[in-house]
Amino acid sequence: MAVNWKYGLIAALLILSMPAAGQDREPPMTGLVELASEPAGAEVFAGDSLIGHTPMRVQRAILDSVTLWFPARDAWNAQVLRPSAEGPDAGTGVRMLRFDAQKLFLGVPAGKARIEDNSFQLPAADVLLPAGLGLAAGVAAVILKQRADALYDDYVRTGDESLLSQTKKYDIYAGVSLALLQFGLGYFIYRLFDE
């Protein structure tokens, strides 16, 4: 009895020490095509059913009904690609599909009308005029404030009271210009979001 126990222990140790190389290998891709996308993570649909996200393996038999959506099917800026029937044979290679990352920001939300006019159009004059005047008033405010600061520095250096009154006058002009800037840009922003 003691001999059988020793042989059983030796057999168990040999089995446990054998390399598990068969477990490290992936099964062959018989009848499957690897789908990958750039960027990765595109939704893969077979008909109307979500079957996964790229990269993933798909049966070659259903490849004609497969559609890839990026970033998601229900996203308002979604892009759609369909893998072609040509490409690597089943079990070999990867079918790489590339989405245009720049187009992600050019779409329109679902339900919105799409205008196919590529010409650049300026906003209406009643929107641009207050914005332009506000911008000019902002430039004037900076120039007037710099002039007021220079006059005040001269006043501090010389002590001449007439320079102090001129400083106050330019400070008032700079304040009015700043108020016009705020009014013009505020109206411009209001009109942009009002339309």
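The values are calculated or read from the model by the stated rules, or taken from the named source; none is laboratory data. As the structure is a prediction and not an experimental result, all values here were calculated from the model. Please note: Cβ atoms are built from the backbone with ideal geometry, for glycine as well, and neighbour counts cover all protein chains shown.
The single condition from (1) more than 15 Å from SER37 (Cβ to Cβ); (2) modelled with pLDDT under 80 that GLU161 fails is (2).
Residues are listed down the side, and each one gets a yes or a no for (1) surrounded by 14 or more Cβ atoms within 10 Å (Cβ to Cβ); (2) at pLDDT below 90; (3) under 30 Å from ASP126 (Cβ atoms); (4) touching a Lys or Arg at 6+ places or on another chain (Cβ under 9 Å):
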{"site": "ARG147", "(1), (2), (3), (4)": "yes, no, no, no"}
{"site": "ASP153", "(1), (2), (3), (4)": "no, no, no, no"}
{"site": "ARG157", "(1), (2), (3), (4)": "no, no, no, no"}
{"site": "TYR173", "(1), (2), (3), (4)": "yes, no, yes, yes"}
{"site": "SER177", "(1), (2), (3), (4)": "yes, no, yes, yes"}
{"site": "LEU181", "(1), (2), (3), (4)": "yes, yes, yes, no"}
{"site": "GLY184", "(1), (2), (3), (4)": "yes, yes, yes, no"}
{"site": "TYR190", "(1), (2), (3), (4)": "no, yes, yes, no"}
{"site": "PHE193", "(1), (2), (3), (4)": "no, yes, yes, no"}
